[in-house]
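Everything on this sheet refers to the single structure shown next.
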Amino acid sequence: MEKNHLDGAGFGTVSVHSGQVKDLTGALAMPIYQTSTFCFDTVEEGTAKFAKEIPGYVYSRGGNPTTAALQEKIAMLEKGEACVATASGMGAVGAVLVAFLKAGDHVICGECVYGCTDFVMRNTLPQFGVEVSFVDTGDLEAVKAAVRDNTAMIYFETPTNPMMTITDISAVSKIAKEKNIRVVVDNTFAPPPVQYPLVLGADIVLHSVTKYINGHGDVIGGAIIGSADDIGVIAANASSKICGTTPSPFNSFLVMRGLQTMELRMERHCKNAMAIAEYLEKNPLVDKVYYPGLKSSPQYELAARQMNHLFSGVMSFELKEGIGGMTSYEACRKLLNHLKLASIAVSLGDPETLVQHPASMTHANVQKEDREAAGITDGLIRLSAGLENIEDILADFQQAFRTLEEA
Ligand SMILES: Cc1ncc(COP(=O)(O)O)c(C=O)c1O
């Protein structure tokens, strides 16, 4: 279907139809072009394709029809001009940094980001002469104060992993535009139809496609969305050509299939998350619930406006200290080990409800003092609400919490 047939179409329609290309067989589902290279009829044709004088594929690291279809779908869903898919979310993070930073540049990074992103910012970028300041990007005055003459990028997650803190994307983008600074938002926790960072003024959006975009827990993938110019730079110079973070055609096919049900899945994830957050908020063994959809959240108004009243399917919560004389870690361990339906696993956005302990798992490679400064205590648990029936998820948590009451 031509892109312009979808002008004005709803999110569900775009999820189903965008990127679908009719091939010679008329296949309804996008075929998997499982090939490493593409043959030319003549040397002249190959020369012209390399010179980009005629369109066409030459080698799957640089372009593949199945992956191209996926890229078109993701670009349309994020309301961006173009997308480049990567083999993982970290591939997307790396490709953006490699494409747009050089020695002598300065980056403002949100103080609470995914553990491996934190590692790259703290350890890898300085090796290449790039300075990084960690700033609470939810605090606009702190962002303004951190800007330097050589600041080239403001990079943040909203909501953050795992504290669910919200950054006002429009406000940060406004500060950045005045100084010609590129704004990069990791939108993994709140993909469309929840939140549209490009519409709010960000320059680049990236995703761990592994999470909600694929949505079925069977693919590792990433994506970067932005203007055609920026994505052209990333695809040609960083992601596919040099760093080789290209996804396999089979994974691109799976992600396209997953995306067709994105709207239905996100609605259910977010609805289930709200019900779980409300249950946890009333639970006497829980000290704090970090979920921006709760009316008690100090960021509720901003989140409602920015996140289309959907608020993500992820939350974190902290157990009260000293339950049954246990350390915070022991109490978390006991609760999680007694869950029967929810799985202990470090991903999110899957059909299954997942729980994990950030201090010893996703953020274990962050120094303890940096972790605690970001609020990641030993009593914190991250929960990704799955697609199960809410009564069953709640019953599972109720029986696991009973084991803590008995401790
Ligand atoms: C917010 C966020 N960004 C990036 C990543 C990295 O994605 P991947 O695991 O697909 O490399 C993750 C992984 O958990 C994440 O949570």
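The values are calculated or read from the model by the stated rules, or taken from the named source; none is laboratory data. All figures in this text were calculated on a predicted structure; none of them were measured in a lab. Methodologically, a virtual Cβ is constructed for each residue, glycine included, from the backbone with ideal geometry; neighbour enumeration extends over all protein chains shown.
What to note about this one:
Yes/no matrix, rows are residues, columns are (1) within 14 Å of Ala82 (Cα to Cα); (2) in the same structural domain as Gly91 (by TED's automatic domain parsing); (3) touching a Ser or Thr at 6+ places or on another chain (Cβ under 8 Å):
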| site | (1), (2), (3) |
| --- | --- |
| Thr188 | no, yes, yes |
| Pro193 | no, yes, no |
| Leu198 | yes, yes, no |
| Asn214 | no, yes, no |
| Ile224 | yes, yes, yes |
| Asn237 | no, yes, no |
| Cys243 | no, yes, no |
| Val255 | no, yes, no |
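- Filtered residues of segment 136-179 (kept if among the charged types (D, E, K, R), more than 16 Å from the ligand (Cβ to nearest atom) and under 21 Å from Met307 (Cα atoms)): Asp136, Asp139, Asp168, Lys174
- Among the numbered conditions (1) hydroxyl-bearing (Ser, Thr, Tyr); (2) in contact with a Ser or Thr (Cβ under 7 Å, 6 or more places away or on another chain); (3) over 30 Å from Thr35 (Cα atoms), the only one that Thr151 does not meet is (2).
- Residue match in segment 388-398 (condition: of a type in the set (D, E, K, R) and either in contact with a helix residue (DSSP H, G or I) (Cβ under 8 Å, 6 or more places away or on another chain) or surrounded by 15 or more Cβ atoms within 10 Å (Cβ to Cβ) (or both)): yes
- Selection count where residues are over 12 Å from His207 (Cβ atoms), over 15 Å from the mean Cα position of the chain (by Cα) and of a type in the set (Gly, Ala, Ser), scope segment 75-94: 1
- When Asp186, Asp168, Asp203 are checked against the criterion of being of a type in the set (D, E, K, R) and free of Cβ contacts under 8 Å to residues at least 60 places away in the same chain, a single residue qualifies: Asp203.
- Hey, Leu310 closer than 19 Å to Leu394 by Cα and part of a loop (DSSP other than H, G, I, E, B) or not: no
- Filtering segment 46-60 to residues that are surrounded by 15 or more Cβ atoms within 10 Å (Cβ to Cβ) and in a helix (DSSP H, G or I) leaves Gly46, Ala48, Lys49.
- Residue within segment 169-179 that is outside any helix (DSSP H, G or I), of a type outside the set (A, V, I, L, M) and surrounded by 23 or more Cβ atoms within 10 Å (Cβ to Cβ) present: no
- A single member of Ala190, Ala223 is in a strand (DSSP E or B), within 12 Å of the ligand (Cβ to nearest atom) and either surrounded by fewer than 22 Cβ atoms within 10 Å (Cβ to Cβ) or among the small types (Gly, Ala, Ser) (or both), and it is Ala223.
- Counted residues, segment 98-121 - those being in a helix (DSSP H, G or I), in contact (Cβ under 8 Å) with a residue 40 or more places away in the chain and either touching a helix residue (DSSP H, G or I) at 6+ places or on another chain (Cβ under 7 Å) or within 16 Å of the ligand (Cβ to nearest atom) (or both): 7
- Segment 193-220 - residue that is among the β-branched types (Val, Ile, Thr) and more than 11 Å from the ligand (Cβ to nearest atom) and, of those, surrounded by the fewest Cβ atoms within 10 Å (Cβ to Cβ): Val199
- Flag if Lys241 is free of Cβ contacts under 8 Å to residues at least 60 places away in the same chain and in a helix (DSSP H, G or I): no
- Pairs with Cβ under 8 Å, 6+ apart, first in segment 128-156 and in the same structural domain as Ala374 (by TED's automatic domain parsing) and surrounded by fewer than 19 Cβ atoms within 10 Å (Cβ to Cβ), second of a type outside the set (Phe, Trp, Tyr) and not in a loop (DSSP other than H, G, I, E, B): none
- Positions within segment 316-359 being within 16 Å of the ligand (Cβ to nearest atom) and either under 10 Å from Gly379 (Cβ atoms) or in a loop (DSSP other than H, G, I, E, B) (or both), in sequence order: Ala345, Val346, Ser347, Leu348, Gly349, Asp350, Glu352, His357, Pro358, Ala359
Quick grid of which residues meet (1) of a type outside the set (Val, Ile, Thr); (2) more than 16 Å from the ligand (Cβ to nearest atom); (3) within 20 Å of Lys22 (Cα to Cα):
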{"site": "Thr42", "(1), (2), (3)": "no, yes, no"}
{"site": "Arg61", "(1), (2), (3)": "yes, yes, no"}
{"site": "Ile74", "(1), (2), (3)": "no, no, yes"}
{"site": "Ser88", "(1), (2), (3)": "yes, no, no"}
